[in-house]
Structures are given as C-alpha cells and as structure tokens.
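Written below as structure tokens is the structure these notes are about.
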Amino acid sequence: MFGFEPNEEQKMLVDSVQRYALNDLRAAAHDADEAGELPPALVKKGWELGVLQASIPEAYGGFGDRSAVTGVLAAEELGYGDLTAGLAVMAPAAYAIPILVAGTEEQKKSLLPPVVEGDWKPYVSAFVEPNLDFSAADMRTTAVRKNGSYVLNGVKTLVPHAANAAGLLVYAALDGKTQAFVVPPKSAGLKIGDREAWCGLNALPTHKLTLEGVTVPADARLGGDAGHDPQPLIAATQVAAAALAIGLAKAAYEYSLAYAKDRTVFGVPIAQKQSLAFMLAEMATDIEAIRLLVWEAAWLLDEGKDAAHAAQMAILGASDTAMMVTDRAVQLLGGHGYIREHPVERWMRNGRGVPNFPGMAMV
Amino acid sequence: MISFEIPDKVRNAVTLMTMVGENMMRPVARYFDDHEHEVPWDYINMMHDANKQMGGGGFVPSTDKPKKAEGEAPKKEGPRVAYQRLAYSAEALSWGDAALYLCSPVGLLGAAAVAATGTPEQKQRFLARFAGDKPVLDGMALTEPHAGSAMPADVRTTAVRDGDSGVLNGEKIFVTGAHKALIDTQGFLVIWATIDASAGRAGVRPFVVEAGTPGCTVTKLEHKLGIRASDTGSVVLQDCRIPFDNILGSPEVEKKTTEGFKGAMATFDASRPMVAASAMGIARATLETLKELLAQNGVTLRTGIPRSRMTNIEREVADMEIQLRSTWLLILKSVWMMDEKKPNNLEASMGKMRAGDVVVRITQKAVELLGPLGYSREHLIEKWFRDAKVNDLYEGTGQINRLIIARRILGYGRRELA
Ligand SMILES: Cc1cc2nc3c(=O)[nH]c(=O)nc-3n(C[C@H](O)[C@H](O)[C@H](O)COP(=O)(O)OP(=O)(O)OC[C@H]3O[C@@H](n4cnc5c(N)ncnc54)[C@H](O)[C@@H]3O)c2cc1C
C-alpha cells in the first residue's frame, strides 16, 4: 500500500530537528560561514537530538533501529537549517552506518559504541576523490592484499574534520570493487593535507587525505574477509546528500517566497507578477516531486531492495533541484540576493556543491 | 506511514490494462491516427465487455458510486485505493495509446463531473449506464469559442428554468468525445452553463444533456495535431430542453451560490491527476521505445556512472527517468490524497503542470535523439510527440495550473494574481 505521511514517531523527530534547524542552525549559519567555523556547542546540540543514536541498536550502544526513511526526513530538516552544519552533525553517521550495515558482528561490537556513546566526536569517512570524473563504483584509491593485511594508496578529498579525526572509514577499490576500510587516523603513510577551501561549505573544515602504503590489518575491511556489497552504502549516502539538498532548496524557496510577497516594486508586491509567481510555483513543484524520489529510494533501502538506480536518480534530481531553486531564489531577491546579508547566495554556493557531497553523510 | 508498495488490487489492474494496451491498442494505434474520426468499435466493445465483467464499476471510484441497496452487507474496510487504481489504469492504457484511451466507454470526464457534483440519485442514474447492454461514452463541456482558460468564470451558455425543465442555449467547443457520447452511443455530456451571466462564477451550474435530446447538435469535428482517435467536437445548444433533475447537485439552482463553481473545481481535482497519469503513460511508452530503438541500433546505455562519464544520450535518458519517476510519484500522491479524502487541489495542479511539461519534453527529445527514426511514421515516437502536447493544454494549460499553484502557495486570490 502507498503512503505519503510520516508516522507519529517520525513526525515527533522531524518536529524536534526542525526546531533545532530554525532556532539554532539558521540563526548561526551566516556568522559561521563568515568565520569559517561552526560553534562546537551548535554541533553538540544537533548530535544530542539523537538521530544517529536512534539508528543503532542497543547491543552496539545506541537505542533504536536504522530506518533510512526516518533518516532522510531528519536530514531534510538539517539541510533546511544549514547544510554545512548538517554535514557536520551527520559526519559520524557516514562512519557508523556502513559499519552497522556491512560490518561483522565483531566490528559492530567494537567500533560502534565509541561513536554513539557520549558527545559528538569526529568519526568521519573518506570517500570523494579529487578527479573530475570521480565515480563511487570505480575509485582510484586502491587496496591490495599483502601478507594478510591491506595496503591502501590514493588521494581523498572533502574529508570533514580530518585533522582531528577520532576514526576514519576509507573507501578504496579492491580488485576493482569499492570496499570500506577502518583506518586509524595516526596510521603510517597517512598524510592529512591543509584545510581545503570551497565555493561553499565555508564553516566546515575539510581536508585532503593522502594514503601512501597505509597498511591495515585484515579485519579492518568491513565485512571481514568476505567483504561487503558496496551498492547499498553508496545508495544510502546518495539519498542522505539528496535529502540535505531538498532541505536547502526548501529553505531557499520559502525565503524567496516570503521576500516576494513583501517586496513592492511599481506599487505592487513582486509576487503578484506572473513571471515571478510562476517561478515559485515551479520551485515548489520540483521540490515536492524530487522529495518523493528521495523517499522512495530510502524506502527501498529499508525494504532491503535494490536501491541503486533510485538513489542515483534521487541525488541527480536533488542536485538539479538545489541549483535551480537557489538560483531562482537569488533572482527573486534581485541585487539584494547577491549580498551576503541574505542567506540565498550562501544557499546557492552550498547548493552547487551537492553532487560532490555523497560520502560525507549517510542514513 | 511512508510506503511505496503497490497494492495488489492496483497491480492487478495494471497487468490487465497493460495486456489491453499491448494487444488491443498498440497494433491499431497507427491506423486510427491515419483515419481521424473513424470510430474504434473493436476497442470500445472490448472495453465495454471487460468493464461489465469487472462488475461494471467503470472508472468512477466506488467511494463515489451510489450506495448499495439496503440490507446488503457493508464491504470490508480495506485501504481505499480506488483513485490510485484509476490513475494506474489511465497510465497503462495511455501507454497503449492515449487517443484510444480517451474512447474508453467506462465513464471519463462526464462521469467525473457527475461523481463530484451529483446527488446520490443522479450518480445512480447516470453512472449505471456504463454497465448497460451497449457501450456508452461521456464528455464534459466547459470551453466556449470566446474563452477556455477563463472558465468557468466566463461561461456564456445560458440555462433558464421553464416549469419542470431547464432550457439551454449556447455553444461549446473542443468537447472531447462529443460525437461518441451523443451520436455514436447513447451517452451524455455534462454542460456547464450559467443561470445568471451577470453573476460570473456564482451563476455556473453543471447540466446533464443526454444523447437524443432535441436542440443539442454536434456541429463540427476538429482536425488535430494528435490524439486523432479521440473526437473533439463543437456542440450547439438551441432551446435545448432537459429535465429539471438533470441539473447536477443542489436543487436550489436559482440561489446564487458558488456551489457550481466549486463543483467545477472539485471535478478538476479528480480529473487533473487522471490527465496527468495519461500523459505519463505516453512518456513511459516513449522512453521505453527510445531505449529499445537505441539498443537495436547498437547504442548501449550504461548505468550507475556519474554524469561526468555519461555520453549525451545516456545523460538525456537518465534525466528523462528522473523526470518521469518523480512526476509519477507526485501524481500518485495526489490520488492517494483523494483516496484518503484529503484536499488535493494543490497537488493535483502540481502533478498536471509537471506531467504536461515532462511528456512534452521527453517526446520532443526522443524524436530528436532518434534522428530520422524518431521523425518517421514507421515508429510511434513521432505520434506520441504529437499526442503529448495536448496534455499541456486541456484541463488547464500549463500556465493556468501554474497560476493555481502560485495562488495556493502565496495565499493569493484572483485579485492579487490574475
Ligand atoms: C484536443 C482537445 C480536447 C479538449 N477537450 C475539452 C473538453 O473535453 N472539455 C472542455 O471543456 N474543453 C476541452 N478542451 C479545451 C481546453 O481545455 C482549452 O483549450 C484550454 O483550457 C485553453 O483554452 P483556450 O484554448 O481558449 O486558450 P486561451 O484561454 O485563449 O489561452 C491562450 C494562451 O494564454 C494563456 N493564458 C490564458 N489565461 C492566462 C492567464 N491568466 N495567465 C497566464 N496565461 C494565460 C494560456 O495558457 C494559453 O497559452 C480541449 C482542447 C483540446 C485541444
């Protein structure tokens, strides 16, 4: 049976994340972007909403079961508040969820509790690579077997909080198949580059990671000797990024709609001009349609069905939506949209980055 | 609950309609495109029999059908999926052929208007005939020569009370199925007319004009870009006298209320998702055939690669898939809302607007990508490109649906945004 309404539990979670998004994230976003850092207390508060903790069963230190659908509902709200901070709050999920989904029982028992117990800590994943045709299913970073260990070589980018990471999950191609490895941040051969600078995401510290002969034991590979199917992980990170993007688009849409009703030109609110009103109608429709694509991909994940194609559609659709909506939001504000006092230019900068964000968060 | 599990009842309908599409529609689609105004009796008779075999319920959801006779056991309460099934059926049949779908004798736009505005007795009387011995078609006439988008506010066809009858005068144009409803079968049209032209939308009411009613003539059949199997007729009403109880809804017809206008709007909330679903059927047929023709011509489409590695054709196809699926989900949500009895005016217009855009874009692109194969009448792609465009025109143009959406989201009325 079809259903398009979150259940009561999900509604409660969405409510609390939305309150945090509006009262805390939105309020802090401008200054954080200018200063280039997120107040630690802000991230801590987001962490305490317990979105990840509620996805990890008690046996591994959490208090619930994973639901990708619930995850995307929460992620949308975080993106609605501030995508940059949302990525920071969700960074540990990109480390923990793969372990939960693909790890051996031993890996789950030993690796998950330190992540979910206590405060937010920079457990992060290294996924994206700095080549223009980066493909999650065909990575340049390699892993090779050697004397019962794995040796990793390659370069990663967009690794959040890499400089003080508590734990790292590194993706590499093993015999041509993408696999994830738990890599201690202080490993020999692991070089953490200077902080990166991007068009957006100003408040989130990210770094390049260079792996030169980094050797990890056999049990560092998720799933142990047998390894794991990377596809559900790739799908889960694509839908997470897509959900954040939908939240960002919704923020830009709402902001520009309110502005258009308020701003008077030639004696009438600009929203009374069809050329602008129709833009808003298309923005609203696009957000609604692509959101359902994201939900469907997440639902497929929860059902244990093949979500690869749906998740790819979700992230491509959401990237386009984020760009289209934020561009129009700037346009609706006119010259004022170009000024950093208004958040729409920031949303536009962050929105353009969405295709690069899978790997940084997961549901 | 958020779920994308297709209910069994809906799945079964899709299987059946797909068989019809494949076996009864695709093979004759080109023929009826070439023979405009020839009536596709085989299809009509087959659908009529099938409809009767399925209990004669036709396409009007059971929730809107007349109540069961007293004493009959009430049906078990399952999830309501009638509109979902209807949307899936419209999609699957239009995947077969959108023009033939519009010739289905199962109750389409006229029936939707009856279901949305009629009294229980009227629903019984008019909807039962779809399960009769012979097939009947229906239609809905709002558009007039001077105005389409401005309807129903600018209706000039008049209705005057004369004792036990209503007398209609005026001209309707672009009436889908007019000839099949009034001449080829013993069907009916729902005609929107005004009881007080000076009252604007407040004067508008829906009237049922049955086949054979004196004073009602089909005066013209249009020659069209596409959907040629579906006739589009002009209807002239000249002192056309109908029984008083053919006036749909509230008997207090003479009161100036916005009841009639609201009825037109309620009809659209139910019918726009069906038009959108029909558009999606054309779009899906086009996308599938595009992929088949590409494969036959040695063009392989890789999946699971990032955009930066895609060829132009791979990227176009990937974008089409995104547009198709996301729009379908939007339409599905709008009919799910109907089934759940939630107001769906905004979502119905969103789905319709987007479906119109998407089907036009997908079919235009498919013709382009396939070069001479796309442009040739040897394949149906060029036909679907012609069929597609009407979905951006009828049941509210793309602009009118944008207007509706914009008013909703801005909290504006007609005065603020015209
Ligand atoms: C094949 C076919 C079948 C049809 N079947 C039916 C039927 O069964 N029953 C029926 O009643 N009608 C039917 N129609 C009519 C259809 O609904 C109308 O053609 C449509 O509503 C547009 O009206 P119009 O043609 O008068 O265009 P107009 O209203 O003259 O519009 C012309 C252009 O102006 C735009 N426009 C109009 N108003 C505005 C505005 N306020 N803001 C911005 N843009 C605006 C329109 O979008 C359009 O682009 C059918 C039409 C076709 C082609």
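Set the bar at 25 Å for Cα to Cα. Now go through A:121/A:156; A:250/A:305; A:108/A:177; A:121/A:208; A:156/A:177; A:45/A:250 and name every pair that lies beyond it.
A:250/A:305
At a Förster radius of 51 Å, what calculated FRET efficiency corresponds to the Cβ-Cβ distance of residue B:225 and residue A:188, to the nearest 0.05?
0.10
If you line up the long axis of helix A:105-116 against the longest principal axis of chain A, both from Cα atoms, how many degrees apart are they, to the nearest 10?
The helix A:105-116 is inclined about 40 degrees to chain A.
Which FRET efficiency value, to the nearest 0.05, is calculated for residue B:196 and residue B:50 with the Förster distance at 45 angstrom and r the Cβ-Cβ distance?
0.55
Taking the Cα centre as origin and putting +1 on Lys and Arg beta-carbons and -1 on Asp and Glu beta-carbons, what dipole magnitude results for the stretch B:337-385, to the nearest 20 debye?
My answer is approximately 80 debye.
Give me the percent of the accessible area of the protein assembly as shown that comes from carbon and sulfur atoms, probe 1.4 Å, all protein chains in place.
It is 53 percent, rounded to a whole number.
For the stretch B:303-313, take each phi angle, set θ = phi - 60°, evaluate the Karplus expression 6.51 cos²θ - 1.76 cosθ + 1.60, and give the result in whole Hz per residue in order, putting x for glycine and proline.
Listing the rounded values in order: 10, x, 10, x, 4, 5, 9, 7, 6, 4, 5 Hz.
Over all residues in A:310-319, what is the mean tally of Cβ atoms on other chains that come within 10 Å of each residue's Cβ?
Average neighbour count from other chains, rounded to a whole number: 4.
For a protection proxy built on the mean count of beta-carbon atoms within 10 angstrom, sort B:211-222, A:343-354, A:195-206 highest first, please.
A:343-354, A:195-206, B:211-222
Given a 1.4 Å probe and no ligands, DNA or RNA in the count, how much accessible surface is buried by A and B, both sides, to the nearest 100 Å²?
4400
Note the angle between two axes, namely the Cα long axis of helix A:8-20 and the longest principal axis of the Cα atoms of chain A, as a number of degrees from 0 to 90, rounded to the nearest 10.
On a 0 to 90 degree scale, this one is about 70.
Between residue A:262 and residue B:35, what is the label-to-label distance in nm when each label sits 7 Å out along the Cα-to-Cβ direction?
In this crude spin-label approximation the distance works out to 6.5 nm.
So between residue B:22 and residue B:296, what do we pick up on full extension, going 0.36 nm a residue minus the alpha carbon distance?
Gain on extension, residue B:22 to residue B:296, equals 96.7 nm.
Explain nothing, just compute: Karplus ³J(HN,Hα) = 6.51 cos²θ - 1.76 cosθ + 1.60, θ = phi - 60°, for every residue of the stretch A:345-361 in order, whole Hz, x for Gly and Pro.
5, 5, 4, 5, 5, 5, x, 5, x, 3, x, 8, 7, x, x, 8, 9
Along the principal axes of its C-alpha atoms, what lengths does the stretch A:231-356 span, in descending order and rounded to whole Å?
Largest to smallest, the principal-axis extents are 56, 25, 15 Å.
Quick one: if the Förster radius is 35 Å, what FRET efficiency do residue B:125 and residue B:42 give, using the C-beta to C-beta distance and rounding to 0.05?
Result of the calculation: an efficiency of 0.75.
For chain B, what is the Kirkwood hydrodynamic radius in Å, using each pair of distinct C-alpha atoms?
After inverting the pairwise mean of 1/r, the radius is 22.0 Å.
For residue A:129, list long-range residues whose amide hydrogen, built 1.01 Å from N in the peptide plane, is under 5 Å from its own amide hydrogen.
A:157
Please give, to one decimal in nm, the separation of the simple spin-label points placed at residue B:238 and residue A:133, each 7 Å out from Cα toward the Cβ.
7.2
Go through A:281, A:190, A:239 and say which Cα lies farthest out towards the positive end of the charge dipole of chain A; charges sit on Cβ, +1 for Lys and Arg, -1 for Asp and Glu.
Ranked along the dipole, the leading option is A:190.
Could you derive backbone 3J(HN,Hα) for the stretch A:279-284 from the dihedral phi with the Karplus parameters 6.51, -1.76 and 1.60 (θ = phi - 60°), listing whole Hz in sequence and x where the residue is Gly or Pro?
Karplus-based 3J(HN,Hα) across the stretch A:279-284 equals 4, 5, 4, 5, 4, 4 Hz.
Could you work out how much longer the chain between residue B:262 and residue B:169 gets when fully extended? Use 0.36 nm per residue separation minus the Cα distance between them, nm to one decimal.
Computed gain between residue B:262 and residue B:169 is 31.2 nm.
Averaged over peptide A:291-303, how many Cβ atoms belonging to another chain are found within 10 Å of each residue's Cβ?
4
Enter the angle in degrees (range 0 to 90, nearest 10) between the Cα long axis of helix B:82-101 and the first principal axis of the Cα atoms of chain B, meaning the one along which they spread out most.
Helix B:82-101 sits roughly 70 degrees off the main axis of chain B.
For residue B:224, go through the lysines and keep the ones whose alpha-carbon is under 29 Å away, minus same-chain ones fewer than eight residues off.
In chain and number order, the partners are B:134, B:172, B:180, B:291, B:352, B:365, B:383, B:389.
Suppose every K and R has +1 on its Cβ and every D and E has -1 on its Cβ; what is the size of the dipole of the stretch A:231-356 about the Cα centre, in Debye to the nearest 20?
Here the stretch A:231-356 has a charge dipole of around 480 debye.
The values are calculated or read from the model by the stated rules, or taken from the named source; none is laboratory data. If you're wondering where the values come from, they're calculated on a predicted model, not measured in any experiment. Cβ: placed from backbone, ideal geometry, glycine included. Neighbour counts: every protein chain shown. These area figures cover heavy atoms from the full protein model, side chains too; ligands, DNA and RNA do not enter into them. Shrake-Rupley method; radii C 1.70, N 1.55, O 1.52, S 1.80 Å.
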